[in-house]
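Heads up, the thing below is written out as structure tokens.
The values are calculated or read from the model by the stated rules, or taken from the named source; none is laboratory data. All values reported here derive from a predicted model rather than from experimental measurement. Cβ sites come from the backbone with ideal geometry, for glycine too, and all protein chains shown count toward neighbours.
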Amino acid sequence: MRRPLPRPLLLVVGLGAAFLVAGIVLLIRTGLAPDHIGWFAYAPLSDVRLGGPGDTLVIVRPGTRWGLALAVVGGLAVSGAVGYALGSRRRATTAS
């Protein structure tokens, strides 16, 4: 006979899944968008151009950071709770 999962474990799985979905949605909405900004650097003894038109800088927006953080926390919570549930299952043994 199977034991039902304890409520705190179901709560952790539910919250973790909600955080994971919210983080993925937030990442999709904000995304990593290349942004062009006007900067350059001057290196007098070098022939290397350090910036200018055509260079792309990836800006990590606050929404992207929050999305990544929520997705990581949600994934860790779900995987930890599922691992705990699988590890705590015990086979029913009969005493002889």
Which of the residues spanning region 50-81 are aliphatic (A, V, I, L, M) and modelled with pLDDT of 90 or more? Leu68, Ala69, Leu70, Ala71, Val72, Val73, Leu76, Ala77, Val78, Ala81
Hey, could you check region 1-24 for residues that are surrounded by 13 or more Cβ atoms within 10 Å (Cβ to Cβ) and not aliphatic (A, V, I, L, M) and say which is farthest from Gly67 (Cα to Cα)? Gly14
Considering (1) surrounded by 10 or more Cβ atoms within 10 Å (Cβ to Cβ); (2) at pLDDT 85 or above, say which one Ala41 fails and leave the rest. (2)
